[in-house]
1. Scan region A:448-464 and tell me whether some residue there is out of contact with any Pro (no Cβ under 9 Å at 6 or more places or on another chain) and part of a loop (DSSP other than H, G, I, E, B).
2. Can you name every residue in region A:416-466 that is surrounded by fewer than 22 Cβ atoms within 10 Å (Cβ to Cβ) and among the basic types (Lys, Arg)?
3. Is at least one residue of region A:227-234 assigned to a loop (DSSP other than H, G, I, E, B) and either more than 14 Å from residue A:47 (Cβ to Cβ) or of a type outside the set (Val, Ile, Thr) (or both)?
4. Of the residues B:286, B:294, which single one is open to solvent by less than 20 Å² (accessible area, probe 1.4 Å), at pLDDT 90 or above and under 19 Å from the mean Cα position of the chain (by Cα)?
5. Select from region A:15-57 the residues that are within 16 Å of ligand 2 (Cβ to nearest atom) and outside any helix (DSSP H, G or I) and write down the one among them that is nearest to the other protein chains (Cβ to nearest Cβ).
6. Of (1) touching a residue at least 40 places away in the same chain (Cβ under 8 Å); (2) touching a helix residue (DSSP H, G or I) at 6+ places or on another chain (Cβ under 9 Å); (3) open to solvent by 10 Å² or more (accessible area, probe 1.4 Å), residue A:213 satisfies all except one. Which?
7. Report, by residue number, each residue of region A:122-153 that is of a type in the set (A, V, I, L, M), more than 10 Å from every other protein chain (Cβ to nearest Cβ) and under 30 Å from residue A:287 (Cβ atoms).
8. Give the residue, chosen from B:35, B:21, B:12, that is of a type outside the set (A, V, I, L, M, F, W, C), in contact with a Lys or Arg (Cβ under 8 Å, 6 or more places away or on another chain), within 14 Å of chain A (Cβ to nearest Cβ) and open to solvent by 20 Å² or more (accessible area, probe 1.4 Å).
Amino acid sequence: MDRSRYGVDVLVVGGGNAGLCAALDASKAGARVLVCEKGILDYRGGNSRHTRDIRYRHESPDAYTTGRYSAADFRADIERVSAGLEYDRELADLLVEESASLPDWMSAQGVRWQGSLRGTLNLHSSNAFFLGGGRAMLNAYYAAARRRGVEVWYEAEVVDLRIVDERFRSALVALPGPRHVEVEAASVVVCSGGFEANRDWLRDCIGDAAEGVIVRGTPNNDGRLLRLLLDHGAAPVGDARSFHAIAVDARAPRYDGGIVTRVDSVPFGIVVNREGCRFADEGADLWPKQYATWGGLIAAQPDQIAYSIVDSKAAGRFIPVAFPPHAAASLDALIETVELPPATTRATLTAFNAAVRGDGSLDLDRLDGNHTEGIDPPKSHWASAIDTPPFYLYPLRPGITFTYLGVRVDADARVVTTAGTTLRNVYAAGEVMAGNILGHGYLAGLGLTIGHAFGRIAGREAAGDR
Amino acid sequence: MTGDDLVLRAARQLEICNACRYCEGYCAVFPALERRSTYAAGDVHYIANLCHDCRDCYYACPFAPPHEYGINLPQVLSEVRAQTYRHYARPRGLARLGGWHGVNVARAALLGIIVFASLAVIVSGPQAVTSPHPGPGAFYDVVPWLLMLVPALLGTAYVLLGWVASGYAFWRDSGAAGGAIGPAELGGVVADVLSLRFLRGGGQGCTYPDDRPSMARWSLHSLVFYGFGLCFASTCAASFQQDVLGQLPPYPILSAPVLLGTVGGVAMVAGAAGLILQKRGSDRRAASSWMTDADYAFIGLLGAASLTGLLTLAVRDTSLLGVMLVVHLGVLAALYVMAPYSKFIHFVYRVLALVRNRGEQALEAASRAARGVQL
Ligand SMILES: Cc1cc2nc3c(=O)[nH]c(=O)nc-3n(C[C@H](O)[C@H](O)[C@H](O)COP(=O)(O)OP(=O)(O)OC[C@H]3O[C@@H](n4cnc5c(N)ncnc54)[C@H](O)[C@@H]3O)c2cc1C
Ligand code: SF4
Ligand code: SF4
């Protein structure tokens, strides 16, 4: 096998948001930077190409947002989603501080902005939306990197790291051909995302249910580098066995289906499993607060499949899905469009309709108290009889967004070992270390904030190791 | 592919965009598609004519080919516009002229030149075409005034009627969703058109011809647009001088017709050349080949019309005047004849789509105000 050598100052593994932030700031600090990106050019930037907004601290409404989002608000939100589980408060404070400068930094790289998208009003005061979404943002970063002379290799998978005495020496990079290059660098920044696209690893977390899960983002994030770092003694952080997952359309592609597969119809009606039975409270909380629980709920059902059933009262009330719903003029006909047991499903619907109390108004902006009585599980809000044709049905599967497990880092984004020492010239940024702050739960726009803040810190520090 | 297949294919892409909305801030296409949840043929044609082919969304889209969703709005909407142009071309009977294709346009220009050359030779004699013509009325020594005026008037009437009929048919089909359109909306459209607002993107221009945003396309299109306006003004000034003041052309260099025509002509030639160069270097993946051909044919024809006009001016004191004038008139004749069947028509549908869009925006703003929602 042909194996050549190559030398740079800073090697960045992964060309997503975190990787490019690291590369740009390392280059600004004077380092010669190489980014190794596993994807092809058209798919560069992993999950970051599916994003659209970023959360950051701003003490007053500004050019990007309509409201104030203070450091205290930001910290309180992180605390709230931690739900009492451990997270690194020092890093969280650092993140909140650093986040204030993000939009201006992004603008300086050529990123443009737009008002918050329709249907995302709950985010418009805390989060800024970049024009065109994540791929446009990445295009701006790659263009800035090109201007700075940052080198990028596509279809370049880092397959091994040589770390001796807690010090990184070189990385083995597999390129098309196939050919391998040993890249020596003064430091390495690992920005290779989580392990959500690794079915075997997912199987360790949820058993055979892993097969029925749809991966919303890139098939490239297989956690190889995460595993390597853990094997080299990095301390794990975050919930090792769980992940963020939402309800997506079961017709979605297995990978990279992106935002358009998300189904928001759940609170408007009922959700049944393959047996035709309800299994969870569709109106437990405001939808932005409960939607992320549905991935897990569906993953626990037989075959990891479920069906959201609504009637015409729900039509046009939520952001549409890429796939048109099954539709029928009667509930019986609707049930027949998919493999649901007719009798049980019909009985579930009848029982639900009979249990509905309240005015059936379906005001999703508030907890309206329209609930059911006498059925289990109950529906606590937005209970409204499913009785107005045409009727619609969306088949659902769990759609995994990202995994929580990561490596511990210090305030310089340097990787910390289980022994409490650091791997001196090894840095991590983005999803691969997000578990330090977001060990479970979800805060919209935080993934990018973490990647930006720690990517830039890592880039600057890594440049200093020359 | 039949028209219906194309509409379905475009509608499918619009459905996915409506589930995504990431490109909402790029152009009027996205708010317009978000106001709908289904896309009938009329909607698709209307939305397609809101697209100015800037390619912003193509480079931004995580679902562009090779992704299995295959989202490529600039391409599919170009194909739909191509269908708009063909489907609504009026008078229908002459649609076979097919000014969409470079070959047909070149043929038409050649035929025009032959016709005017023959007329000149028959009416004024071969001598008139090949010798210099000092003094007032020079042009008319070659081609008599009436032989210019009558075709020009008939041609203008034919073009205007064709455009109006096409526009009407398009407007009728593009649906009833639009709100009330009053002076404010129309004023807004005029401002949009005069500033070529959408070609500016958010201030960074179009992602065209490659994946970097640039204002070049806006500048070049503005040159052609305003150059055309100046040439039109030049013609008006000339007819004022001739018919009102009784002064026969050619006019001195420092007269309104010559100055306006020269500046306009140079702008058009420069703009057309720039647009062609840009197109040659542009990303074919986001283009429809039919439309590319139509673009070349039209820009080429406009460029040739202005170039031959400038040359006629340049050689007006020499023995080449006759030949140049005949060539210029021939090219102009092709421009006229093809006007309803060439990319020239694009502005008709574009302006109407912008009008409908303003109406929809007004309707939406009103209903938002009624609900007390602040955005
Ligand atoms: C549909 C969707 C929408 C989202 N929306 C938002 C949002 O709006 N806001 C937000 O903040 N977050 C959002 N997220 C989460 C967000 O995508 C992540 O938090 C963020 O993109 C992580 O960035 P990253 O750079 O760490 O990883 P990625 O962007 O995934 O980049 C990792 C890169 O590493 C490469 N790679 C992996 N292994 C190797 C290897 N061995 N060698 C070389 N390269 C390798 C991959 O190809 C990939 O390009 C969303 C996620 C999804 C799936
Ligand atoms: S073009 Fe792509 S990114 Fe833009 S709105 Fe449509 S699907 Fe979304
Ligand atoms: S190509 Fe430009 S104008 Fe056309 S839909 Fe995309 S962003 Fe809008």
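The values are calculated or read from the model by the stated rules, or taken from the named source; none is laboratory data. Just so you know, these numbers come straight off a predicted model, no measurement behind them. Every residue, glycine among them, receives a Cβ derived from its backbone with ideal geometry; neighbour counts consider all protein chains shown. Keep in mind that these areas ignore ligands, DNA and RNA; they rest on the heavy atoms of the full protein, side chains included. Shrake-Rupley method; radii C 1.70, N 1.55, O 1.52, S 1.80 Å.
1. Looking for residues that are out of contact with any Pro (no Cβ under 9 Å at 6 or more places or on another chain) and part of a loop (DSSP other than H, G, I, E, B), one finds at least one in region A:448-464, hence yes.
2. Selection gives A:424, A:460, A:466.
3. Step one: of region A:227-234, the residues assigned to a loop (DSSP other than H, G, I, E, B) are A:232-233.
Adding the requirement that they be either more than 14 Å from residue A:47 (Cβ to Cβ) or of a type outside the set (Val, Ile, Thr) (or both) leaves A:232-233.
Yes, because at least one residue in region A:227-234 is assigned to a loop (DSSP other than H, G, I, E, B) and either more than 14 Å from residue A:47 (Cβ to Cβ) or of a type outside the set (Val, Ile, Thr) (or both).
4. B:294
5. Here the answer is A:52.
6. Of everything listed in (1) touching a residue at least 40 places away in the same chain (Cβ under 8 Å); (2) touching a helix residue (DSSP H, G or I) at 6+ places or on another chain (Cβ under 9 Å); (3) open to solvent by 10 Å² or more (accessible area, probe 1.4 Å), residue A:213 misses just condition (3).
7. Correct list: A:123, A:128.
8. Answer to the selection: B:21.
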